[in-house]
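The next block holds one structure in the form of C-alpha coordinates; read it before the comments.
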Amino acid sequence: MKKKLQNRIKVSLQLLAAALFLVIVIPVALVIKFRHQKKILPRLVWGSTPIISYSHWSRAMQQAGYTSQTFTNGFYSSINNKDDWDILLQDKYKYIPHILKYYLAFIESLFRYDVFFMSFDGFFLGLTPLWKLEFHLLRIAGKKTVLMPYGSDSYVYRSIKSTALNHALLMSYPKASMRQEQVAKRVSYWCMHADVVITGIMGPDGFGRWDTIVPSVIHLDTNIWKASSNVSKADGKTETVFIAHAPNHRGFKGTEFVLDAVEKLRSEGLKVELILLEKMKNEVVRKTLQTKIDILVEQLIFGHGLNALEGMASGIPVISNVDDDDYILPFRRWSYFSECPLVSASPETIVDVLRKLVTRPELRHQLGKASRAYVEKYHGLDSAQYLFTEVIEYCYGRRESLINLYHPLLGEYPKRKPKVIHPLVNNRIID
(Lines give C-alpha, C1' and ligand atoms only; values in the text may rest on other atoms or scores of the structure.)
Protein backbone atom coordinates (compact mmCIF):
# COMPACT_ATOMS: atom_id res chain seq x y z
CA MET A 1 0.00 0.00 0.00
CA LYS A 2 2.79 2.39 0.91
CA LYS A 3 4.51 1.81 -2.46
CA LYS A 4 1.26 2.35 -4.38
CA LEU A 5 0.68 5.59 -2.52
CA GLN A 6 4.21 6.75 -3.31
CA ASN A 7 3.68 5.95 -7.00
CA ARG A 8 0.40 7.89 -7.06
CA ILE A 9 2.05 10.89 -5.44
CA LYS A 10 4.91 10.69 -7.94
CA VAL A 11 2.51 10.57 -10.91
CA SER A 12 0.49 13.47 -9.50
CA LEU A 13 3.64 15.56 -9.08
CA GLN A 14 4.69 14.74 -12.64
CA LEU A 15 1.31 15.87 -13.98
CA LEU A 16 1.43 19.05 -11.89
CA ALA A 17 4.96 19.82 -13.09
CA ALA A 18 3.91 19.24 -16.72
CA ALA A 19 0.86 21.50 -16.34
CA LEU A 20 2.92 24.32 -14.78
CA PHE A 21 5.50 23.94 -17.54
CA LEU A 22 2.88 24.32 -20.28
CA VAL A 23 1.45 27.45 -18.65
CA ILE A 24 4.92 29.00 -18.72
CA VAL A 25 6.55 27.65 -21.89
CA ILE A 26 4.04 28.62 -24.58
CA PRO A 27 4.11 32.38 -23.87
CA VAL A 28 7.88 32.17 -23.40
CA ALA A 29 8.29 30.48 -26.80
CA LEU A 30 6.15 33.14 -28.48
CA VAL A 31 8.12 35.96 -26.86
CA ILE A 32 11.40 34.38 -27.97
CA LYS A 33 10.16 34.06 -31.54
CA PHE A 34 8.92 37.63 -31.84
CA ARG A 35 11.99 39.08 -30.11
CA HIS A 36 14.30 36.93 -32.21
CA GLN A 37 17.07 38.95 -33.82
CA LYS A 38 18.55 37.58 -36.99
CA LYS A 39 22.07 36.37 -36.35
CA ILE A 40 24.87 35.80 -38.82
CA LEU A 41 25.61 32.47 -37.14
CA PRO A 42 22.92 30.63 -35.17
CA ARG A 43 23.72 29.23 -31.73
CA LEU A 44 24.00 25.42 -31.60
CA VAL A 45 23.28 22.84 -28.91
CA TRP A 46 23.91 19.08 -28.83
CA GLY A 47 22.03 16.81 -26.43
CA SER A 48 20.44 15.67 -24.29
CA THR A 49 21.67 12.05 -24.56
CA PRO A 50 25.43 12.07 -23.80
CA ILE A 51 26.73 10.71 -27.11
CA ILE A 52 30.49 11.34 -27.32
CA SER A 53 30.19 12.44 -30.95
CA TYR A 54 28.26 15.48 -29.70
CA SER A 55 31.42 16.65 -27.98
CA HIS A 56 33.47 16.26 -31.20
CA TRP A 57 30.85 17.98 -33.35
CA SER A 58 30.38 20.85 -30.93
CA ARG A 59 34.12 21.46 -30.73
CA ALA A 60 34.38 21.40 -34.52
CA MET A 61 31.66 24.01 -34.89
CA GLN A 62 33.25 26.19 -32.21
CA GLN A 63 36.42 26.17 -34.30
CA ALA A 64 34.32 27.24 -37.29
CA GLY A 65 33.16 30.34 -35.38
CA TYR A 66 29.81 29.17 -34.03
CA THR A 67 28.58 29.44 -30.46
CA SER A 68 28.15 25.72 -29.81
CA GLN A 69 27.67 23.73 -26.60
CA THR A 70 26.76 20.28 -25.38
CA PHE A 71 23.94 20.18 -22.83
CA THR A 72 23.40 16.61 -21.66
CA ASN A 73 21.69 14.48 -19.08
CA GLY A 74 24.86 13.16 -17.41
CA PHE A 75 27.65 11.24 -19.15
CA TYR A 76 29.08 7.72 -19.30
CA SER A 77 31.85 7.91 -16.71
CA SER A 78 33.25 4.45 -17.49
CA ILE A 79 34.51 5.55 -20.91
CA ASN A 80 34.27 9.37 -21.03
CA ASN A 81 35.56 12.22 -18.89
CA LYS A 82 33.47 14.96 -17.35
CA ASP A 83 35.47 17.64 -19.13
CA ASP A 84 34.28 16.24 -22.49
CA TRP A 85 31.01 18.07 -21.83
CA ASP A 86 30.02 21.72 -21.52
CA ILE A 87 26.84 21.67 -19.43
CA LEU A 88 25.54 18.72 -17.41
CA LEU A 89 21.97 18.76 -16.13
CA GLN A 90 23.13 17.25 -12.84
CA ASP A 91 25.27 20.33 -12.15
CA LYS A 92 22.41 22.78 -12.67
CA TYR A 93 19.41 23.76 -10.56
CA LYS A 94 20.96 22.02 -7.55
CA TYR A 95 18.21 22.88 -5.10
CA ILE A 96 15.35 22.20 -7.51
CA PRO A 97 13.43 18.88 -7.39
CA HIS A 98 14.66 16.56 -10.11
CA ILE A 99 11.20 16.31 -11.63
CA LEU A 100 11.43 19.99 -12.65
CA LYS A 101 14.96 19.97 -14.04
CA TYR A 102 14.05 18.70 -17.52
CA TYR A 103 11.48 21.48 -17.93
CA LEU A 104 13.83 24.18 -16.67
CA ALA A 105 16.60 22.93 -18.99
CA PHE A 106 14.24 23.07 -21.95
CA ILE A 107 13.08 26.62 -21.18
CA GLU A 108 16.64 27.82 -20.62
CA SER A 109 17.68 26.25 -23.93
CA LEU A 110 14.96 28.18 -25.78
CA PHE A 111 16.72 31.39 -24.76
CA ARG A 112 20.27 30.15 -25.36
CA TYR A 113 20.17 28.20 -28.65
CA ASP A 114 18.77 28.30 -32.17
CA VAL A 115 19.58 24.90 -33.74
CA PHE A 116 19.01 21.72 -31.73
CA PHE A 117 21.04 18.64 -32.72
CA MET A 118 19.64 15.53 -31.06
CA SER A 119 18.90 11.84 -31.32
CA PHE A 120 15.46 10.26 -31.59
CA ASP A 121 15.36 10.35 -27.79
CA GLY A 122 14.56 14.02 -28.29
CA PHE A 123 15.93 16.88 -26.21
CA PHE A 124 15.04 17.36 -22.53
CA LEU A 125 11.29 17.11 -23.11
CA GLY A 126 11.99 13.66 -24.54
CA LEU A 127 12.54 12.59 -20.94
CA THR A 128 9.07 13.71 -19.87
CA PRO A 129 5.43 12.79 -20.58
CA LEU A 130 5.29 15.84 -22.89
CA TRP A 131 7.73 14.46 -25.47
CA LYS A 132 5.16 14.78 -28.27
CA LEU A 133 5.08 18.54 -27.78
CA GLU A 134 8.83 19.07 -28.08
CA PHE A 135 9.03 19.81 -31.80
CA HIS A 136 5.96 22.04 -31.74
CA LEU A 137 7.28 24.14 -28.86
CA LEU A 138 10.65 24.45 -30.55
CA ARG A 139 8.95 25.48 -33.79
CA ILE A 140 6.79 28.08 -32.01
CA ALA A 141 10.04 29.60 -30.69
CA GLY A 142 11.53 29.62 -34.21
CA LYS A 143 14.09 26.89 -33.52
CA LYS A 144 15.52 24.32 -35.97
CA THR A 145 15.88 20.59 -35.32
CA VAL A 146 18.45 18.14 -36.72
CA LEU A 147 17.98 14.44 -35.89
CA MET A 148 20.71 11.77 -35.99
CA PRO A 149 20.21 8.25 -34.56
CA TYR A 150 22.81 6.40 -32.54
CA GLY A 151 21.20 2.98 -32.04
CA SER A 152 18.92 2.20 -29.13
CA ASP A 153 17.06 5.48 -29.62
CA SER A 154 15.70 4.36 -32.97
CA TYR A 155 16.16 0.67 -33.73
CA VAL A 156 12.72 -0.89 -34.12
CA TYR A 157 13.64 -4.56 -34.17
CA ARG A 158 10.79 -5.68 -36.39
CA SER A 159 11.84 -3.13 -39.04
CA ILE A 160 15.48 -4.22 -39.30
CA LYS A 161 16.29 -5.71 -42.70
CA SER A 162 19.18 -7.86 -41.50
CA THR A 163 18.20 -10.87 -39.39
CA ALA A 164 21.83 -11.22 -38.32
CA LEU A 165 21.82 -7.67 -36.97
CA ASN A 166 18.47 -8.30 -35.33
CA HIS A 167 19.84 -11.36 -33.54
CA ALA A 168 23.00 -9.54 -32.44
CA LEU A 169 20.87 -6.76 -30.96
CA LEU A 170 18.74 -9.31 -29.13
CA MET A 171 21.94 -10.81 -27.68
CA SER A 172 23.22 -7.50 -26.36
CA TYR A 173 20.10 -5.37 -25.88
CA PRO A 174 17.19 -7.79 -25.27
CA LYS A 175 15.09 -5.35 -23.23
CA ALA A 176 14.95 -2.92 -26.15
CA SER A 177 12.81 -5.43 -28.03
CA MET A 178 10.05 -4.74 -25.49
CA ARG A 179 10.09 -1.00 -26.30
CA GLN A 180 9.41 -1.28 -30.02
CA GLU A 181 6.10 0.59 -30.02
CA GLN A 182 7.51 3.48 -28.04
CA VAL A 183 10.62 3.74 -30.19
CA ALA A 184 8.63 3.43 -33.43
CA LYS A 185 6.37 6.32 -32.38
CA ARG A 186 9.34 8.57 -31.72
CA VAL A 187 10.99 7.65 -35.02
CA SER A 188 7.79 8.42 -36.93
CA TYR A 189 7.27 11.64 -34.98
CA TRP A 190 10.69 13.08 -35.67
CA CYS A 191 10.88 11.85 -39.27
CA MET A 192 7.61 13.70 -39.84
CA HIS A 193 8.61 16.94 -38.13
CA ALA A 194 12.40 17.45 -38.01
CA ASP A 195 14.03 20.03 -40.26
CA VAL A 196 16.82 17.57 -41.13
CA VAL A 197 17.22 13.82 -40.60
CA ILE A 198 20.61 12.17 -41.16
CA THR A 199 20.45 8.42 -40.57
CA GLY A 200 23.80 7.09 -41.82
CA ILE A 201 23.91 3.33 -42.35
CA MET A 202 20.81 2.88 -40.17
CA GLY A 203 18.62 4.51 -42.82
CA PRO A 204 17.25 1.33 -44.47
CA ASP A 205 15.94 0.05 -41.13
CA GLY A 206 12.54 1.68 -40.99
CA PHE A 207 13.19 5.43 -41.18
CA GLY A 208 11.90 6.04 -44.69
CA ARG A 209 13.65 9.40 -44.74
CA TRP A 210 17.18 10.75 -44.97
CA ASP A 211 18.05 14.21 -46.19
CA THR A 212 21.60 13.37 -47.15
CA ILE A 213 23.14 9.98 -47.82
CA VAL A 214 26.33 9.51 -45.86
CA PRO A 215 27.70 6.19 -44.52
CA SER A 216 28.57 7.70 -41.16
CA VAL A 217 28.26 11.09 -39.46
CA ILE A 218 30.96 10.23 -36.91
CA HIS A 219 33.93 12.59 -36.82
CA LEU A 220 37.03 12.82 -34.65
CA ASP A 221 39.97 15.11 -34.02
CA THR A 222 42.80 13.92 -36.25
CA ASN A 223 45.22 16.11 -34.29
CA ILE A 224 44.57 13.89 -31.27
CA TRP A 225 44.12 10.62 -33.16
CA LYS A 226 47.50 10.47 -34.83
CA ALA A 227 48.84 7.85 -37.23
CA SER A 228 50.87 5.11 -35.57
CA SER A 229 54.65 5.31 -35.87
CA ASN A 230 54.78 1.54 -35.50
CA VAL A 231 55.95 0.14 -38.86
CA SER A 232 55.78 -3.56 -38.09
CA LYS A 233 57.27 -6.15 -40.41
CA ALA A 234 55.87 -9.01 -38.34
CA ASP A 235 54.31 -11.76 -40.44
CA GLY A 236 53.12 -14.09 -37.71
CA LYS A 237 55.97 -16.52 -38.44
CA THR A 238 59.10 -14.87 -37.09
CA GLU A 239 57.46 -12.10 -35.07
CA THR A 240 54.14 -11.67 -33.28
CA VAL A 241 51.29 -9.72 -34.87
CA PHE A 242 49.11 -7.84 -32.36
CA ILE A 243 45.36 -7.78 -32.94
CA ALA A 244 43.00 -5.50 -30.99
CA HIS A 245 39.27 -5.80 -30.37
CA ALA A 246 37.28 -3.29 -28.28
CA PRO A 247 33.79 -4.63 -27.54
CA ASN A 248 31.30 -2.55 -25.59
CA HIS A 249 28.71 -5.32 -26.02
CA ARG A 250 30.19 -8.65 -27.08
CA GLY A 251 27.14 -10.10 -28.80
CA PHE A 252 26.67 -7.07 -31.02
CA LYS A 253 30.36 -7.04 -32.01
CA GLY A 254 30.67 -10.81 -32.58
CA THR A 255 33.42 -11.10 -29.97
CA GLU A 256 33.10 -14.86 -29.58
CA PHE A 257 34.02 -15.28 -33.26
CA VAL A 258 37.06 -13.02 -32.87
CA LEU A 259 38.31 -15.05 -29.92
CA ASP A 260 37.75 -18.29 -31.83
CA ALA A 261 39.54 -16.99 -34.94
CA VAL A 262 42.65 -16.02 -32.98
CA GLU A 263 42.79 -19.45 -31.38
CA LYS A 264 42.47 -21.14 -34.77
CA LEU A 265 45.34 -19.08 -36.17
CA ARG A 266 47.46 -20.03 -33.17
CA SER A 267 46.66 -23.68 -33.75
CA GLU A 268 48.07 -23.23 -37.25
CA GLY A 269 51.35 -22.09 -35.72
CA LEU A 270 50.96 -18.37 -36.36
CA LYS A 271 52.25 -15.95 -33.73
CA VAL A 272 49.31 -13.69 -32.94
CA GLU A 273 48.24 -11.98 -29.74
CA LEU A 274 44.79 -10.58 -29.06
CA ILE A 275 44.47 -7.47 -26.90
CA LEU A 276 40.95 -6.84 -25.62
CA LEU A 277 40.27 -3.13 -25.06
CA GLU A 278 37.12 -3.57 -23.02
CA LYS A 279 35.55 -0.89 -20.80
CA MET A 280 38.65 1.29 -21.04
CA LYS A 281 38.92 5.07 -21.16
CA ASN A 282 39.27 6.61 -24.60
CA GLU A 283 42.82 7.79 -23.95
CA VAL A 284 43.93 4.23 -23.10
CA VAL A 285 42.37 2.90 -26.31
CA ARG A 286 44.04 5.67 -28.30
CA LYS A 287 47.51 5.08 -26.87
CA THR A 288 47.25 1.32 -27.39
CA LEU A 289 46.12 1.60 -31.02
CA GLN A 290 48.87 4.08 -31.80
CA THR A 291 51.74 2.17 -30.20
CA LYS A 292 51.09 -1.56 -30.06
CA ILE A 293 48.49 -2.74 -32.56
CA ASP A 294 48.91 -4.11 -36.09
CA ILE A 295 45.24 -4.96 -36.85
CA LEU A 296 41.96 -3.83 -35.30
CA VAL A 297 38.89 -6.06 -35.53
CA GLU A 298 36.06 -3.67 -34.83
CA GLN A 299 33.06 -5.95 -35.30
CA LEU A 300 31.87 -8.88 -37.41
CA ILE A 301 28.10 -8.44 -37.54
CA PHE A 302 27.09 -5.15 -39.13
CA GLY A 303 28.49 -1.85 -40.40
CA HIS A 304 31.09 0.17 -38.57
CA GLY A 305 31.16 2.66 -35.73
CA LEU A 306 33.45 5.11 -33.96
CA ASN A 307 36.05 2.52 -33.00
CA ALA A 308 36.67 1.61 -36.65
CA LEU A 309 37.40 5.26 -37.45
CA GLU A 310 39.69 5.49 -34.44
CA GLY A 311 41.68 2.53 -35.76
CA MET A 312 41.78 3.96 -39.27
CA ALA A 313 42.90 7.35 -37.94
CA SER A 314 45.69 5.48 -36.15
CA GLY A 315 46.88 4.24 -39.54
CA ILE A 316 46.22 0.54 -39.02
CA PRO A 317 44.00 -1.83 -41.05
CA VAL A 318 40.52 -2.28 -39.60
CA ILE A 319 38.11 -5.18 -40.04
CA SER A 320 34.35 -4.62 -39.97
CA ASN A 321 31.42 -6.39 -41.59
CA VAL A 322 30.31 -4.34 -44.60
CA ASP A 323 29.20 -7.31 -46.70
CA ASP A 324 25.46 -6.63 -46.97
CA ASP A 325 24.76 -4.78 -50.22
CA ASP A 326 21.17 -4.07 -49.15
CA TYR A 327 22.78 -1.52 -46.85
CA ILE A 328 26.16 -0.74 -48.42
CA LEU A 329 25.42 -0.44 -52.15
CA PRO A 330 23.63 2.94 -51.93
CA PHE A 331 26.60 4.39 -50.05
CA ARG A 332 29.00 3.16 -52.73
CA ARG A 333 26.80 4.50 -55.52
CA TRP A 334 25.54 7.84 -54.20
CA SER A 335 28.12 8.66 -51.54
CA TYR A 336 31.84 8.12 -50.89
CA PHE A 337 32.00 4.59 -49.48
CA SER A 338 33.84 3.21 -52.53
CA GLU A 339 36.88 5.06 -51.17
CA CYS A 340 36.65 3.35 -47.78
CA PRO A 341 39.53 0.88 -47.07
CA LEU A 342 37.77 -1.07 -44.32
CA VAL A 343 38.43 -4.80 -44.73
CA SER A 344 35.13 -6.67 -44.63
CA ALA A 345 34.79 -9.93 -42.73
CA SER A 346 31.97 -11.96 -41.22
CA PRO A 347 32.03 -14.70 -38.57
CA GLU A 348 32.37 -17.19 -41.44
CA THR A 349 35.33 -15.44 -43.14
CA ILE A 350 37.25 -13.86 -40.26
CA VAL A 351 39.88 -16.62 -39.98
CA ASP A 352 40.82 -16.33 -43.66
CA VAL A 353 40.81 -12.52 -43.63
CA LEU A 354 42.93 -12.33 -40.50
CA ARG A 355 45.37 -14.89 -41.88
CA LYS A 356 45.93 -12.75 -44.99
CA LEU A 357 46.53 -9.60 -42.95
CA VAL A 358 48.75 -11.31 -40.38
CA THR A 359 51.04 -12.87 -42.98
CA ARG A 360 51.25 -9.86 -45.32
CA PRO A 361 52.75 -6.83 -43.55
CA GLU A 362 53.03 -4.84 -46.78
CA LEU A 363 49.28 -5.16 -47.33
CA ARG A 364 48.73 -3.93 -43.79
CA HIS A 365 50.89 -0.88 -44.49
CA GLN A 366 48.98 -0.08 -47.69
CA LEU A 367 45.65 -0.34 -45.91
CA GLY A 368 46.87 1.64 -42.93
CA LYS A 369 48.04 4.50 -45.11
CA ALA A 370 44.78 4.54 -47.07
CA SER A 371 42.78 4.35 -43.83
CA ARG A 372 44.45 7.43 -42.44
CA ALA A 373 43.86 9.30 -45.72
CA TYR A 374 40.18 8.30 -45.69
CA VAL A 375 39.62 9.58 -42.16
CA GLU A 376 41.47 12.82 -42.93
CA LYS A 377 39.26 13.36 -45.99
CA TYR A 378 35.84 12.40 -44.66
CA HIS A 379 35.89 12.14 -40.86
CA GLY A 380 38.06 14.92 -39.46
CA LEU A 381 36.65 17.95 -37.67
CA ASP A 382 36.87 19.97 -40.90
CA SER A 383 34.53 17.40 -42.48
CA ALA A 384 32.07 17.90 -39.61
CA GLN A 385 32.27 21.66 -40.14
CA TYR A 386 31.41 21.23 -43.82
CA LEU A 387 28.48 18.88 -43.18
CA PHE A 388 26.85 20.84 -40.39
CA THR A 389 27.40 24.22 -42.03
CA GLU A 390 25.56 22.93 -45.10
CA VAL A 391 22.85 21.47 -42.85
CA ILE A 392 22.39 24.86 -41.17
CA GLU A 393 22.24 26.58 -44.57
CA TYR A 394 19.50 24.14 -45.57
CA CYS A 395 17.58 24.69 -42.33
CA TYR A 396 17.41 28.42 -42.99
CA GLY A 397 16.44 28.03 -46.65
CA ARG A 398 19.77 29.09 -48.11
CA ARG A 399 20.40 25.69 -49.70
CA GLU A 400 17.81 23.87 -51.78
CA SER A 401 18.78 20.24 -51.02
CA LEU A 402 21.32 18.08 -49.20
CA ILE A 403 20.64 14.82 -51.04
CA ASN A 404 23.67 15.00 -53.38
CA LEU A 405 26.07 16.52 -50.86
CA TYR A 406 28.50 13.58 -51.16
CA HIS A 407 27.53 12.23 -54.58
CA PRO A 408 30.77 11.01 -56.27
CA LEU A 409 29.85 12.77 -59.54
CA LEU A 410 27.49 15.59 -58.52
CA GLY A 411 28.77 16.44 -55.03
CA GLU A 412 31.30 19.11 -54.20
CA TYR A 413 33.02 17.55 -51.21
CA PRO A 414 34.46 14.32 -52.73
CA LYS A 415 36.39 16.47 -55.22
CA ARG A 416 38.06 18.64 -52.59
CA LYS A 417 40.84 16.16 -51.92
CA PRO A 418 42.37 13.37 -54.04
CA LYS A 419 40.45 10.11 -54.22
CA VAL A 420 41.55 7.57 -51.62
CA ILE A 421 43.19 4.64 -53.43
CA HIS A 422 43.40 1.21 -51.78
CA PRO A 423 43.91 -2.41 -52.93
CA LEU A 424 40.45 -3.71 -51.95
CA VAL A 425 37.52 -4.52 -54.24
CA ASN A 426 34.21 -3.79 -52.50
CA ASN A 427 36.12 -3.93 -49.21
CA ARG A 428 37.43 -7.43 -49.86
CA ILE A 429 41.01 -8.62 -50.21
CA ILE A 430 41.54 -9.98 -53.71
CA ASP A 431 44.36 -12.55 -53.91
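The criterion of at least 3 residues that are farther than 20 Å from GLU376 by Cα is met by the following strands (runs of 3 or more DSSP E) wholly inside segment 229-321: 241-245, 272-276. Is it the case that segment 386-406 has a residue that's touching a Phe, Trp or Tyr at 6+ places or on another chain (Cβ under 8 Å), under 30 Å from SER267 (Cα atoms), touching a residue at least 12 places away in the same chain (Cβ under 8 Å) and not in a helix (DSSP H, G or I)? Within segment 386-406, not a single residue is touching a Phe, Trp or Tyr at 6+ places or on another chain (Cβ under 8 Å), under 30 Å from SER267 (Cα atoms), touching a residue at least 12 places away in the same chain (Cβ under 8 Å) and not in a helix (DSSP H, G or I).
So if I check each of SER58, SER154, which one is among the polar types (S, T, N, Q), touching a strand residue (DSSP E or B) at 6+ places or on another chain (Cβ under 7 Å) and closer than 29 Å to TYR386 by Cα? Quick ask: steps written out before the conclusion?
Working: SER154 fails: touching a strand residue (DSSP E or B) at 6+ places or on another chain (Cβ under 7 Å).
Going through SER58, SER154 in turn, the sole match is SER58.
The combined condition, being touching a Pro at 6+ places or on another chain (Cβ under 7 Å) and farther than 21 Å from THR163 by Cα, is not fulfilled by ILE198. For segment 84-111, a residue qualifies if it is open to solvent by 50 Å² or more (accessible area, probe 1.4 Å), closer than 22 Å to TRP57 by Cα and aromatic (Phe, Trp, Tyr), and exactly one does: PHE111. Answer yes if at least one residue in segment 211-227 is farther than 30 Å from ARG398 by Cα and open to solvent by less than 10 Å² (accessible area, probe 1.4 Å), and no otherwise. No: zero hits. Scanning segment 343-367 for residues that are in a loop (DSSP other than H, G, I, E, B) and touching a residue at least 24 places away in the same chain (Cβ under 8 Å) turns up ALA345, SER346, PRO347, ARG360. Among the residues that make up segment 280-301, is at least one of them without any contact (Cβ under 8 Å) to a residue 12 or more places away in the chain, farther than 21 Å from THR359 by Cβ and among the charged types (D, E, K, R)? Yes, segment 280-301 contains at least one residue that is without any contact (Cβ under 8 Å) to a residue 12 or more places away in the chain, farther than 21 Å from THR359 by Cβ and among the charged types (D, E, K, R).
Which one of these is more than 20 Å from the chain's Cα centre (by Cα), touching a residue at least 24 places away in the same chain (Cβ under 8 Å) and either under 16 Å from VAL187 (Cα atoms) or open to solvent by less than 10 Å² (accessible area, probe 1.4 Å) (or both): ASP153, ASP114? Write out each step before concluding.
Values: ASP153 fails: more than 20 Å from the chain's Cα centre (by Cα).
Among ASP153, ASP114, only ASP114 is more than 20 Å from the chain's Cα centre (by Cα), touching a residue at least 24 places away in the same chain (Cβ under 8 Å) and either under 16 Å from VAL187 (Cα atoms) or open to solvent by less than 10 Å² (accessible area, probe 1.4 Å) (or both).
Comparison of LEU296, LEU274, LEU289, LEU300 shows that the only residue that is touching a His at 6+ places or on another chain (Cβ under 8 Å), open to solvent by less than 20 Å² (accessible area, probe 1.4 Å) and more than 19 Å from ILE430 (Cβ to Cβ) is LEU296.
Screening ALA370 on (1) open to solvent by less than 60 Å² (accessible area, probe 1.4 Å); (2) under 21 Å from the mean Cα position of the chain (by Cα); (3) not polar (S, T, N, Q) shows it passes everything except condition (2).
Scanning segment 254-278 for residues that are touching a strand residue (DSSP E or B) at 6+ places or on another chain (Cβ under 7 Å) and in contact (Cβ under 8 Å) with a residue 60 or more places away in the chain gives GLY254, VAL258, VAL262, LEU265, VAL272.
Listed conditions (1) part of a loop (DSSP other than H, G, I, E, B); (2) at pLDDT 95 or above are all met by PRO418, apart from (2).
The values are calculated or read from the model by the stated rules, or taken from the named source; none is laboratory data. Quick caveat, the model's predicted, so the values are computed rather than measured. Note that each Cβ is placed from the backbone with ideal geometry, even for glycine, and that neighbours are counted across all protein chains shown. The area values use the complete protein model at the heavy-atom level, side chains included, leaving out ligands, DNA and RNA. Shrake-Rupley method; radii C 1.70, N 1.55, O 1.52, S 1.80 Å.
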